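Note sheet for the following structure.
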Amino acid sequence: MINTLQENVAIILPENGLEEKLAQAKEKNRTLSIKLGFDPTAPDLHLGHAVVLKKLKEFQDLGHRIIIVVGSFTARIGDPTGKNKARKPLSAEEVQHNAQTYINQLSKVLDIEKTEIVFNSDWLDALDFSEVIQLLSKVTVAQLMHRNDFNKRFTENTPIAMHELLYPILQGFDSVKIECDIEMGGTDQLFNCTMGRQLQEIHQMPAQIVMCMPLLKGLDGKEKMSKSLNNIIGLTDEPNEMFGKTMSIPDAMIEEFIDLTTDFSAEEKNRLKSTIENGENPMNIKKLIAKNIVSQYHDDEAAENAELFFNNQFQNKNFDEKSFEPVSILSLHHIENKTTLVELCHQLKNDLSKSAIRRLIKSGGIQIDSEKILDPDQEIDLIKEIKIKIGKRNFFELT
């Protein structure tokens, strides 16, 4: 059991902490309280989030108590992004909307009926100012400067707002309030999670252990998977889109995807890695990964159909023979008989920003009737029928 729970975990702090917590739980015949906190800053979960959620599911299957702490207070003040500035605070309405969307998506991984959902505004809104001061007095500025992004920004003379310094303390206080045994997160959350340990000790409570999972890289193979970078595979993506996106990952990411996104057995994972080393065509391995991912978040039939669609759409046909999605010009908003390429693409793919579409056009990622168009402002005549390819996976026929 302990080996399974430690599989793929990047950091366990302290090193023997998990073994000790499990032994204590067994001795006292109780379940462990395991926390995952998130600020609902965007409404979509993706495979990067699922890396942590799947580890939580392993604990849940063993009967332990899973507590999801929704940052309904902390999302309203704006948290440090890990970059050179704070994230924009959200309104209460945005927080509520995003939180409900998150909770609905959690059920794709966790047994939501056995999962406790709590909101940190329940206790943080209740603190009066003197209690806030008392809480802040437990932490020194020197301790906060150990956080890498704070230290870097201070050294570079980049502004750090006071509320950013409060954020790790407030998140750590969540662990005090729910009497957490284990806090889960990505490796980028290590500092915040250890703050929870410190505050629990100050409050004379048993300190939680910290388990950090690796950060899954996005479709670009460089940055971590993030909606703001438009490099995600969303948990609510349609099967064909989920399959196609997985097939687009760089070959160098295959092993990472095998380890962090699939639910193959350990033996099957090792076998797949061996076939790669022995010269197997990477596309064949990607198909197995893609089918497995679609099966997890949809079902086996959807995975089979997605593979068939991919083979027909991207392998067995050329541009002129592809199955294009018919779109009536009349269904487009504010479009006349002529429009610019960037405006047309934005209408067809409104999940992409116009700036992202401009970059795609300039990189040769847009084709009209088999011809690449590199000028975002080129006028497109909509009187005649045209076929347009946007990126690698989106095909439209204007009628």
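Inside segment 74-96, can you point out the residues that are among the β-branched types (Val, Ile, Thr) and modelled with pLDDT under 80?
Once the filter is applied, which keeps residues that are among the β-branched types (Val, Ile, Thr) and modelled with pLDDT under 80, segment 74-96 yields 77, 81, 95.
Could you check, for segment 51-68, whether at least one of its residues is part of a loop (DSSP other than H, G, I, E, B) and open to solvent by less than 10 Å² (accessible area, probe 1.4 Å)?
no
Quickly run through segment 356-371 and pick out the residues that are in contact with a helix residue (DSSP H, G or I) (Cβ under 9 Å, 6 or more places away or on another chain) and open to solvent by 60 Å² or more (accessible area, probe 1.4 Å).
Of everything in segment 356-371, those that are in contact with a helix residue (DSSP H, G or I) (Cβ under 9 Å, 6 or more places away or on another chain) and open to solvent by 60 Å² or more (accessible area, probe 1.4 Å) turn out to be 358, 369.
Six or more apart or on different chains, Cβ atoms under 7 Å: show the pairs whose first residue is in segment 364-376 and within 12 Å of residue 344 (Cα to Cα) and whose second is in a loop (DSSP other than H, G, I, E, B).
366/373
If I go through segment 95-116 residue by residue, how many of them are among the β-branched types (Val, Ile, Thr), touching a residue at least 40 places away in the same chain (Cβ under 8 Å) and either open to solvent by 40 Å² or more (accessible area, probe 1.4 Å) or more than 17 Å from residue 171 (Cβ to Cβ) (or both)?
3
What are the residue pairs meeting all of these: first residue in segment 24-36, first residue open to solvent by less than 100 Å² (accessible area, probe 1.4 Å), second residue of a type in the set (Ser, Thr, Tyr) and not in a loop (DSSP other than H, G, I, E, B), Cβ atoms under 9 Å, and 6 or more apart or on different chains?
Partner pairs satisfying both residue conditions: 35/175.
Matching residues to (1) surrounded by 12 or more Cβ atoms within 10 Å (Cβ to Cβ); (2) assigned to a helix (DSSP H, G or I); (3) at pLDDT 95 or above; (4) of a type in the set (Asp, Glu):
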site: 273; (1), (2), (3), (4): yes, yes, no, no
site: 276; (1), (2), (3), (4): yes, yes, no, no
site: 280; (1), (2), (3), (4): yes, no, no, yes
site: 296; (1), (2), (3), (4): yes, yes, yes, no
site: 303; (1), (2), (3), (4): yes, yes, yes, no
site: 307; (1), (2), (3), (4): yes, yes, no, yes
site: 314; (1), (2), (3), (4): yes, yes, no, no
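In segment 56-77, which residues are more than 19 Å from the chain's Cα centre (by Cα) and basic (Lys, Arg)?
Of everything in segment 56-77, those that are more than 19 Å from the chain's Cα centre (by Cα) and basic (Lys, Arg) turn out to be 65, 76.
Going through 154, 119 one at a time, which residue ends up being surrounded by 17 or more Cβ atoms within 10 Å (Cβ to Cβ) and modelled with pLDDT under 95?
119
Which numbered condition in (1) modelled with pLDDT of 95 or more; (2) open to solvent by less than 10 Å² (accessible area, probe 1.4 Å); (3) under 24 Å from residue 180 (Cα atoms) is the only one that residue 71 fails?
Exception for residue 71: condition (1).
Every residue, every condition in (1) closer than 20 Å to residue 135 by Cβ; (2) at pLDDT below 95, yes or no:
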site: 173; (1), (2): yes, no
site: 192; (1), (2): yes, yes
site: 212; (1), (2): no, no
site: 219; (1), (2): no, yes
site: 249; (1), (2): no, yes
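Just one of 3, 16 is more than 17 Å from residue 212 (Cβ to Cβ) and loosely packed, with under 13 Cβ neighbours inside 10 Å; which is it?
3
Of the residues 196, 185, 172, 221, only one is part of a strand (DSSP E or B) and either under 20 Å from residue 106 (Cβ atoms) or not β-branched (Val, Ile, Thr) (or both); which?
When all the criteria are applied, what remains is 185.
Suppose the filter is farther than 21 Å from residue 310 by Cα and open to solvent by 60 Å² or more (accessible area, probe 1.4 Å); does residue 240 pass it?
For residue 240, the condition - farther than 21 Å from residue 310 by Cα and open to solvent by 60 Å² or more (accessible area, probe 1.4 Å) - is not met.
For residue 289, indicate whether it is surrounded by 13 or more Cβ atoms within 10 Å (Cβ to Cβ), at pLDDT 95 or above, among the β-branched types (Val, Ile, Thr) and closer than 15 Å to residue 216 by Cβ.
Judged against the criteria, residue 289 is a match.
Going by the conditions given, is residue 178 at pLDDT 95 or above and β-branched (Val, Ile, Thr)?
yes
Report, by residue number, each residue of segment 372-390 that is part of a loop (DSSP other than H, G, I, E, B) and either open to solvent by less than 20 Å² (accessible area, probe 1.4 Å) or of a type in the set (A, V, I, L, M, F, W, C) (or both).
If the condition is that a residue be part of a loop (DSSP other than H, G, I, E, B) and either open to solvent by less than 20 Å² (accessible area, probe 1.4 Å) or of a type in the set (A, V, I, L, M, F, W, C) (or both), then 373, 374, 376, 382, 383 are the ones that fit.
Filter segment 157-172 down to the residues that are surrounded by 13 or more Cβ atoms within 10 Å (Cβ to Cβ) and of a type in the set (A, V, I, L, M) and list them by number.
160, 161, 165, 166, 169, 170
The values are calculated or read from the model by the stated rules, or taken from the named source; none is laboratory data. Predicted model, so just to flag it, every value in this text is computed and none were measured. Don't worry about glycine lacking a Cβ; one is built from the backbone with ideal geometry, like all the others, and counts go over all protein chains shown. Just the protein is used for accessible areas: all its heavy atoms, side chains included, with ligands, DNA and RNA removed. Shrake-Rupley method; radii C 1.70, N 1.55, O 1.52, S 1.80 Å.
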